[in-house]
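Report on the structure given below.
The values are calculated or read from the model by the stated rules, or taken from the named source; none is laboratory data. Everything quoted here is computed from the prediction, not taken from an experiment. Using ideal geometry, Cβ is built from the backbone for each residue, glycine included, and neighbour counts are taken over all protein chains shown. Keep in mind that these areas ignore ligands, DNA and RNA; they rest on the heavy atoms of the full protein, side chains included. Shrake-Rupley method; radii C 1.70, N 1.55, O 1.52, S 1.80 Å.
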Amino acid sequence: ELFSPMQQQQQQQPRNRPWKALEAKPAPWECGQTSPAEPRWLPPQVPTRKEHDAESKRQLEHAKKNFIAERCERNLEFAGDAIERRPVKDLRIPHGKPMSLDDMRNILLDKMNKQDNEGKDVMPGFYKIEGRGEDRFFVIKEDSHDKQSDQVTVLQASDLKQEFREPQGNLRVAPRLEDDMIIRVHRRPTEPGGKTCTYLRRSPDESEMPGEDPPHKRLVNNGQRVQVLESQEGWTRVKLLDNPEEGWLRAAYLRKKSDRPPAPARSPPSVQPETPNKSRIVVYIYTFGLEKLDEPLANICSDHGGGTTAIIEESDLRQAILRQRGIPRVDVICDTRNFSDPTGMVSNHIGLHPRVLSGIVHNRNFPGWIENMKRDVKKVLGQYTDAHVALYCKSGKHRSVACAWSLQQCAESQGWSVEIQHLSKGFWKGSCSKGTCDECSPGSGEEIQEKHAHMREQVLWWWRK
């Protein structure tokens, strides 16, 4: 039989079920007072001032240890070659009263003389840098060569606190200072078996005659090294290196290393170095993008909000440019992001496209930009025969390239030579064959040549204004 759901429910209920009356229970607030339940967690206790200071000191010490550990770990990430440093043999820690400066100088001088007698080089190598002739001499810092950028750290000899990163190719070996300061006594005997030694005189003349046994301290042997102090009418006042005696010797008795007679073997014909033409002015222009130069600059740019609006310190920009191979220095750094970035189909081309050049030249910021560049470049050329200008934008493909072309036209109109280097060219992927298409190449067709000539006239008009 089929039953409805209601009938099935009635059949399942027990029959003759006793019914109970409802019981009214008191409300919770009407019940008697009961003790509150114990809290599940203990309430927090405020630390005392002493405990708070102790905890702050502990956290500060922990932060210092972490900082030192991270700094030591970063020092191991230097791009140069790691050199193993072994402990110095027989190294002893001095005790007691410190040694005087004169004693330390004499000990160092004795070591230098000993190494020089053994034929070892004791003088550091001095170098000159192209474009820094006014800074005198430089010394290369030990273990500072970076193979990736081919740069070394140099110290200014007159002020060792001044450090520079320079390409190794720009260093030129300077004449040895010891050739001008320290020379050797070279006296030939006047007769066979004659004496080759001499002595220091107290005045530059022959009036002082030694006795049969001159003082041993003032005696100078042949081949002994002396330091030249001054010269006067065929006489030279010198100072001995092994004792503090000073006196006069005949200038004919002294000879520099460069005065030695040449070797009898035939030497190849010497090639005279090409003398630079001081009248030739060269303007080097470098373009790059904040996001497309190298990884360190890209990370700094990312930390400051991206290449569109990031404001980067000039020191960081200069270091990033000098990390590139073959760039000796940077005189002017210019931001070209105040111009509008091209959009649409033109974005597939580079900054040499006529529409990109037209957008830069007809921008309201172009007159002020060309005026500032003219002032800055001429200021640099007032001190050097060359100027190194760096132009940057977001990607180093449109605005900086167009501005470099504009500056090139102005410089060539002044008779200056121009060399342009696009540092971000390796990132021009997807572009019009990296600027070799018909529209971006100035010599591709008559129509493109006419457009570039028209842009050139407008650029020069603002330059001459």
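Tell me which residues, restricted to segment 138-169, are open to solvent by 40 Å² or more (accessible area, probe 1.4 Å) and outside any loop (DSSP other than H, G, I, E, B). Matches in segment 138-169: 140, 159, 160, 161, 162, 163, 164, 165, 168, 169. Of the residues making up segment 351-401, those that are closer than 15 Å to residue 284 by Cα and open to solvent by less than 10 Å² (accessible area, probe 1.4 Å) number 9. Contact map, segment 239-259: residues that are closer than 11 Å to residue 226 by Cβ and open to solvent by 40 Å² or more (accessible area, probe 1.4 Å) paired with residues that are of a type in the set (Asp, Glu) and at pLDDT 75 or above, Cβ distance under 6 Å, separation 6+ or inter-chain. Pairs shown: 239/246. Report yes if residue 21 is of a type in the set (A, V, I, L, M), surrounded by 10 or more Cβ atoms within 10 Å (Cβ to Cβ), at pLDDT 70 or above and farther than 30 Å from residue 148 by Cβ, otherwise no. For residue 21, the condition - of a type in the set (A, V, I, L, M), surrounded by 10 or more Cβ atoms within 10 Å (Cβ to Cβ), at pLDDT 70 or above and farther than 30 Å from residue 148 by Cβ - is not met.
Here's a check for you: in segment 278-303, which residue that is open to solvent by 100 Å² or more (accessible area, probe 1.4 Å) and in a loop (DSSP other than H, G, I, E, B) is modelled with the lowest pLDDT? It comes out as 278.
For residue 266, the test of being part of a loop (DSSP other than H, G, I, E, B), modelled with pLDDT under 85 and in contact with a strand residue (DSSP E or B) (Cβ under 7 Å, 6 or more places away or on another chain) is failed.
Does segment 183-195 include one or more residues that are in contact with an Asp or Glu (Cβ under 9 Å, 6 or more places away or on another chain) and at pLDDT below 65? Within segment 183-195 (the criterion being in contact with an Asp or Glu (Cβ under 9 Å, 6 or more places away or on another chain) and at pLDDT below 65), the answer is yes, since at least one residue qualifies.
Taking the criterion of being open to solvent by less than 40 Å² (accessible area, probe 1.4 Å) and either part of a loop (DSSP other than H, G, I, E, B) or touching a Pro at 6+ places or on another chain (Cβ under 6 Å) (or both), the residues of segment 331-350 that qualify are 336, 337, 339, 342, 349, 350.
Being under 22 Å from residue 460 (Cβ atoms), part of a strand (DSSP E or B) and in contact with a Lys or Arg (Cβ under 9 Å, 6 or more places away or on another chain), is that true of even one residue in segment 388-396? Looking for residues that are under 22 Å from residue 460 (Cβ atoms), part of a strand (DSSP E or B) and in contact with a Lys or Arg (Cβ under 9 Å, 6 or more places away or on another chain), one finds at least one in segment 388-396, hence yes. Residues that are in a helix (DSSP H, G or I) and more than 15 Å from residue 408 (Cα to Cα) within segment 351-365 comprise 354, 355, 356, 358, 359, listed in sequence order.
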